[in-house]
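Reviewing the structure listed below.
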Amino acid sequence: MAEAVIDLAGEAAMLDLGRRIAGHARIGDAIALEGGLGAGKTTLARGILEALGLAGEAPSPSFAIVQPYDVPEVRLPVAHVDLYRLDGPEEVEELALGDYLMDSLLIIEWPDRLGDRLWPHALRLTIEMAADDARRLTAAVPDAWTERWSQI
Ligand SMILES: Nc1ncnc2c1ncn2[C@@H]1O[C@H](COP(=O)(O)OP(=O)(O)OP(=O)(O)O)[C@@H](O)[C@H]1O
Ligand SMILES: [Mg+2]
């Protein structure tokens, strides 16, 4: 597990990082987006979805909780998930998120709701507020992403 830090000054930089990550994403990957309210999690997810071919801006899944996308709307199936409103492990259990890993890329906002049940192969990206309204992103890169991350 390696760690990498990227400074992102502005929304455009966040979207662009998402686009670059999309170029390496595969079915079965989990990308966990951590960070407080307004950190930029959905923005990063939007960059990924846009690069996978989504026309128009992806909605925040904060009310739907799970927003699925399928081919041909996107190049590979994606489940964009926001766990913010979930109350406990039982509700997480009901979502059966593991099932999406069989045939989709899983993008999860507020993965802390999973407790210690986040998959070990997940790419964990933590976004923090920085000076001048910029963001600092810290990537915890699992073995499954080492090679790919070096190309991002
Ligand atoms: N790197 C960045 N620098 C400055 N502003 C950014 C950056 N990335 C995103 N933003 C801005 O931050 C705001 C919040 O972004 P976003 O909705 O993606 O956050 P979020 O983490 O998904 O929030 P929530 O927890 O409410 O879902 C938006 O106005 C977005 O344009
Ligand atoms: Mg969001």
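Quick notes on this structure:
- In this structure the chain gives 49 Å² per residue of accessible area when probed at 1.4 Å with all protein chains present.
- Normalised contact order of segment 65-114, rounded percent, pairs of Cα under 8 Å and 6 or more residues apart: 41 percent
- Stokes-Einstein D for the chain, Kirkwood Rh over Cα pairs, 37 °C, 0.692 mPa s (µm²/s): 214 µm²/s
- Residue-span extension gain [Val92 to Ala9] - 0.36 nm each, minus C-alpha spacing: 26.5 nm
- Rounded if a/c under 1.5, otherwise prolate or oblate - segment 70-152, Cα gyration tensor axes: oblate
- Counting only Cβ charges, +1 for Lys and Arg and -1 for Asp and Glu, the dipole size of segment 2-128 around its Cα centre is about 420 debye.
- Neighbourhood net charge (15 Å Cβ-Cβ; Lys/Arg +1, Asp/Glu -1) for Arg46: -3
- To put it simply, the accessible area of the chain at a 1.4 Å probe is 50 percent carbon and sulfur.
The values are calculated or read from the model by the stated rules, or taken from the named source; none is laboratory data. Please read all numbers here as calculations on a predicted model, not as lab measurements. Backbone-built Cβ (ideal geometry, glycine too); neighbour counts: all protein chains shown. These accessible areas exclude ligands, DNA and RNA; they are computed on the full protein's heavy atoms, side chains included. Shrake-Rupley method; radii C 1.70, N 1.55, O 1.52, S 1.80 Å.
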